[in-house]
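Q: Can you keep this structure in mind? I'll have questions shortly.
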Amino acid sequence: MNPGRVENKQNQELNRRQMGIMEVDWSGCPRVELIPGKVSGVPLVKGSRVPADTVWESGEMGESAEEIAYNYDLSADDVRFLLGYAAKHASVPTR
């Protein structure tokens with residue numbers, strides 16, 4: 001991995017910890033997939049190129065499931081599922 005990329009990722013993680021930003025462990029979510037090389041390997045909504053964190057963050061900013069679904073061309077059912085999953089699996093990063 002590129003050293004600059006590692007340093008940038010470390011800085012992002014530090015900033016999130018300092019600001020108390022929550023993170024979601026998407027590894028057990030049946031509607032999220034990790035595909036190395038697809039959108040930099042971030043957790044994506046299955047069958048899309050939409051990062052799962054983008055859906056969650058949009059919900060945290062007050063967007064409704066229907067608005068998120070419309071904005072990212074997803075099903076409202078998938079969005080509601082992801083928001084519920086995130087609510088149960090979000091935590092402050094400990095790294």
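The values are calculated or read from the model by the stated rules, or taken from the named source; none is laboratory data. Predicted model, so just to flag it, every value in this text is computed and none were measured. Note: ideal-geometry Cβ built from the backbone for every residue, glycine included; neighbour counts use all protein chains shown.
Q: Might you let me know whether segment 55-63 holds any residue that is within 14 Å of the chain's Cα centre (by Cα), of a type in the set (A, V, I, L, M, F, W, C) and modelled with pLDDT under 95?
A: Yes, some residue in segment 55-63 is within 14 Å of the chain's Cα centre (by Cα), of a type in the set (A, V, I, L, M, F, W, C) and modelled with pLDDT under 95.
Q: Out of Ser27, Ser48, I need the residue that is part of a loop (DSSP other than H, G, I, E, B), at pLDDT 55 or above and closer than 17 Å to Phe81 by Cα. Which one?
A: Ser48
Q: Look through segment 30-45, keep the residues that are within 12 Å of Leu82 (Cα to Cα) and either part of a loop (DSSP other than H, G, I, E, B) or at pLDDT below 90 (or both), and return whichever of them is nearest to the chain's Cα centre (by Cα).
A: The qualifying residue nearest to the chain's Cα centre (by Cα) is Pro43.
Q: Are any of the residues in segment 60-80 in a helix (DSSP H, G or I) and touching a Pro at 6+ places or on another chain (Cβ under 9 Å)?
A: Taking every residue of segment 60-80 in turn, none turns out to be in a helix (DSSP H, G or I) and touching a Pro at 6+ places or on another chain (Cβ under 9 Å).
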